[in-house]
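Everything below concerns the one structure shown next.
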Amino acid sequence: MEILSTSDKDLEWAAASLAAGFIVAFPTETVYGLGGDVFNLSALARIFEAKNRPYFDPLIVHIAEKDAIFRIVDKSALNAVIRERLTVLSERLWPGPLTLILPKRREIPDLATSGLPTVALRFPRHPVAQKLIRLSTGAIAAPSANPFGALSPTRAEHVKAQLGGKVDLIVDGGRTEVGLESTVLDLTQEPPRIVRHGGASREAIEAVIGPVDLASVEPPPESIVSPGQLKSHYAPRTPLVLCKPGELDKLPDNPREGRLYFSPPKNGRTGTPERTRILTETEDMTEAAANFFDMLHELDKLGLAVIRAEEAPRSGLGAAINDRLSRAESV
Ligand code: TXA
Ligand code: MG
């Protein structure tokens, strides 16, 4: 495994490696992805193996130009309403942290979609991701670059620590900007359904296509359509306990406990700085989302007995933060 920079020369090398069937971790605006050419079965198999990811959990295909949409999506299977939604969403919210579920073309390997008739498609806005995709095969399958069920990586160091020996290359593009995975929106449903909360808020999506449904937070196992819905997912190794806003203020400090506040506590007592993180000083939801996995990685490294984490306000990206927190919680 080698760590590359984002220089032209390094990106050309990473792109050529992808095209040749190697697996490469790279930054997107959400989290780091572990990429492989979607048409290369052995690359796909190595992605599942590296992540220890069950084969029933399908991958997201990443493109870097709108002209590539119908290399992946079966246009003939779209009715006029779905086609219109795809058009306006791709105009208004792409490139960006939104993944769309659509009928797949026959050519897309079943391994990428776990045998589903649909495919997840995303056009990331990170310039490094775009360049890498364009310079390679134009269609890169990439799950988040973490072991299945673990915290998602927002820095190259997280990928190295979690998957170092199992990937061929890591492109180090610094810390990711959004910090939470993309929102997954199933356009094959009527109305369209959010199957995973993420970097594109429900409000932003509804402003473009009108009302959407939400997949229930904890569906019974037989109805799981997206493993991002699994109860235990995105979890640190340290047990995590979720707290209502204000609840942390009332608890005495404990040297074996870490604290993740949404915003500074009203009583001004945050406990020991080494064991305390505050997602945002100014109630800025974008800042909170960007810090979320990063700060959980930091607290997780301290080897504490427990991490107590405060819920975020529910609106906008707060829905995605609370979703990740509830899945990270130890049951
Ligand atoms: O922000 C992101 O989306 C990152 C970066 C790397 O792009 N990728 C990412 O991929 O989070 P991953 O594999 O960790 O999550 C993909 C999610 C999973 O919850 C998966 O079940 C769902 O998308 N998914 C993929 N294909 C699907 C399909 N055909 N139907 C329903 N859900 C699908
Ligand atoms: Mg993931």
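Where a number appears in this text, it was derived from the coordinates with a stated rule and is not lab data. Every value quoted in this text rests on a predicted model; they were computed, and no experiment measured them. Heads up, the Cβs are rebuilt from the backbone with ideal geometry, glycines too, and the neighbour counts pull from every protein chain shown.
The reciprocal of the average 1/r between distinct C-alpha atoms defines the Kirkwood hydrodynamic radius, which for region 35-103 equals 13.8 Å.
The protection proxy used here, the mean number of other Cβ atoms lying within 10 Å of each residue, ranks peptides 174-181, 46-53 as follows, highest first: 174-181, 46-53. For the pair Glu65 and Lys301, label points projected 7 Å from Cα toward Cβ lie 4.0 nm apart.
On full extension of the chain, what length is gained from Glu49 through Thr272, given 0.36 nm per residue of separation minus the C-alpha to C-alpha distance? Working shown, then result.
Numbers: separation 223, 0.36 × 223 = 80.28 nm, distance 3.96 nm.
Gain on extension, Glu49 to Thr272, equals 76.3 nm.
Estimated at 0.36 nm per residue, the fully extended path between Ala16 and Asp57 surpasses their Cα-Cα distance by 12.1 nm. For the residues Ala312, Ala15, Ala204, a GNM of the chain with alpha-carbon springs under 10 Å puts the largest fluctuation on Ala204.
Set the Förster radius R0 to 35 Å, insert the Cβ-Cβ distance between Ala80 and Glu107 as r into 1/(1 + (r/R0)^6), and round the FRET efficiency to 0.05. Mind showing how you got there, number by number?
Values: r = 24 Å, r/R0 = 0.69.
Between Ala80 and Glu107 the formula returns 0.90.
Axis of helix 80-92 versus longest Cα principal axis of the chain: the two differ by about 60°, to the nearest ten degrees. A simple spin-label model places pseudo-atoms 7 Å from Cα toward Cβ; at Ala207 and Ser7 they are separated by 4.1 nm. Rounded to the nearest 10 degrees, the angle from helix 285-300 to the longest Cα principal axis of the chain is 70 degrees.
Using per-residue counts of other Cβ atoms within 10 Å, averaged over each peptide, order 282-288, 158-164, 89-95 from highest down. Intermediate values should be presented prior to the final figure.
Numbers: 282-288: 15.7, 158-164: 19.9, 89-95: 17.6.
Going by the mean number of other Cβ atoms within 10 Å, highest first, we get 158-164, 89-95, 282-288.
Full extension from Glu91 to Leu41: what is 0.36 nm times the residue separation minus their Cα-Cα distance, to one decimal in nm? Numbers along the way, then the final one.
Values: separation 50, 0.36 × 50 = 18.00 nm, distance 3.13 nm.
Once the chain is fully extended between Glu91 and Leu41, it gains 14.9 nm.
For Glu29, the residues whose amide H sits under 5 Å from its own are Arg125, His126, ignoring neighbours fewer than 5 places away on the same chain, with H placed 1.01 Å from N. For the chain, the pair-distance distribution built from all alpha carbon pairs, in bins 10 Å wide starting at 0, is 6, 27, 34, 23, 8, 1, 0 percent. Helix 41-51 and the long axis of the chain differ in direction by around 10°, with both axes built from C-alpha atoms. Residues whose amide H falls under 5 Å from that of Cys243, counting only those 5 or more places apart or on a different chain, are Ala309, Glu310, Glu311, with hydrogens built in the peptide plane.
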